[in-house]
1. So, in region 131-149, of the ones that are within 19 Å of the chain's Cα centre (by Cα), closer than 18 Å to A8 by Cβ and among the charged types (D, E, K, R), which residue ends up surrounded by the most Cβ atoms within 10 Å (Cβ to Cβ)?
2. What number of residues within region 42-76 are open to solvent by 20 Å² or more (accessible area, probe 1.4 Å) and without any contact (Cβ under 8 Å) to a residue 40 or more places away in the chain?
3. So which of E100, E48 is of a type in the set (D, E) and under 16 Å from the mean Cα position of the chain (by Cα)?
4. Give me a count of the residues in region 99-154 that are part of a loop (DSSP other than H, G, I, E, B) and either closer than 30 Å to A18 by Cβ or touching a His at 6+ places or on another chain (Cβ under 8 Å) (or both).
5. Here are some conditions: (1) at pLDDT 95 or above; (2) open to solvent by less than 50 Å² (accessible area, probe 1.4 Å); (3) closer than 30 Å to A5 by Cα; (4) among the hydrophobic types (A, V, I, L, M, F, W, C). M79 meets all but one. Which one does it not meet?
6. Identify, please: which residue in region 1-27 is exposed (fewer than 13 other Cβ atoms within 10 Å of the Cβ) and without any contact (Cβ under 8 Å) to a residue 40 or more places away in the chain and is, among those, farthest from G51 (Cα to Cα)?
Amino acid sequence: MAEAAELALRATEVCSRAARPLYAAHADLPVPDAPHLAFWHAATLLREHRGDGHLMALVGAGLDPVEALVSHTATGRGMNPDWVRSTRGWTDADWAAGQERLRERGLLAADGELTEAGAALRAGLEDETDRLDAAPYEHLGAVGVARLTELAGGFAKALAAAGAFPADLMGKG
C-alpha cells in the first residue's frame, strides 16, 4: 500500500490545475500520513484530473450530461443504465430524451446501440481524454505505471472477491 501511494503521489506531481476545478479542490487538501489514506488521496487526485479532462472533451464534442452518459453506457464499458440513472438522479424521461437527441444526431440506433458515428465519437472522446491526462503517467514512466497498475489491480481484485461491487453494476444491463 505504501509503495502504491508513493507511485500514485509521484504521478500527481505534474497534474495541471488549469480548467480542472475538481482536481484543484482536492489538490489543496493535505496528504494523509497513513499509506491507505495517502493512496486513496492520490487516486482521487488522478481520477479528478482525468475526469475534469474528460468533461472538457465531452463539452467540446457538444454532448450534454445525459447524452454523455447514454452514449457511454451504450458502449457496454461503464456502469449499466439502471445504476447510472439511480446514482445520477436522471429520470426515465430524461434518459429517453437524451437517447432521442443522440438518435437525431445519428449517434444512437433505434435499438440503443451506438451507430458507427457514435462509436467513432466515443473513441475520439477517450483518445482526447487520454491526451489531456497523459502528463502524470509520462512523469511516472512505463515501469512506474506498470507497477502501480499491478498493485492497484491487486487491490481491485481483492475488493471484488470480497463482494465490494454489486454484481449488476457494470455493463449494458
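The values are calculated or read from the model by the stated rules, or taken from the named source; none is laboratory data. In this text the structure is predicted, and so the values were computed from the model without any measurement. All Cβ positions, glycine included, derive from the backbone under ideal geometry; neighbour counts span all protein chains shown. Surface areas here come from the heavy atoms of the whole protein model, side chains and all, with no ligands, DNA or RNA. Shrake-Rupley method; radii C 1.70, N 1.55, O 1.52, S 1.80 Å.
1. By that ranking, first place goes to D133.
2. Residues of region 42-76 that are open to solvent by 20 Å² or more (accessible area, probe 1.4 Å), as a first pass: 43, 47-48, 50-51, 54-56, 59-62, 64-65, 69, 72, 75-76.
Still in the list and also without any contact (Cβ under 8 Å) to a residue 40 or more places away in the chain: 47-48, 51, 55, 59, 62, 64-65, 69.
Selection size over region 42-76: 9.
3. Numbers: E100 fails: under 16 Å from the mean Cα position of the chain (by Cα).
Testing whether each residue is of a type in the set (D, E) and under 16 Å from the mean Cα position of the chain (by Cα) leaves just E48.
4. Initially, region 99-154 is screened for residues part of a loop (DSSP other than H, G, I, E, B), giving 105-107, 109-113, 115, 133.
Among the residues that remain, those that are also either closer than 30 Å to A18 by Cβ or touching a His at 6+ places or on another chain (Cβ under 8 Å) (or both) are: 105, 107, 133.
Going through region 99-154 one residue at a time, the tally reaches 3.
5. (1)
6. A2
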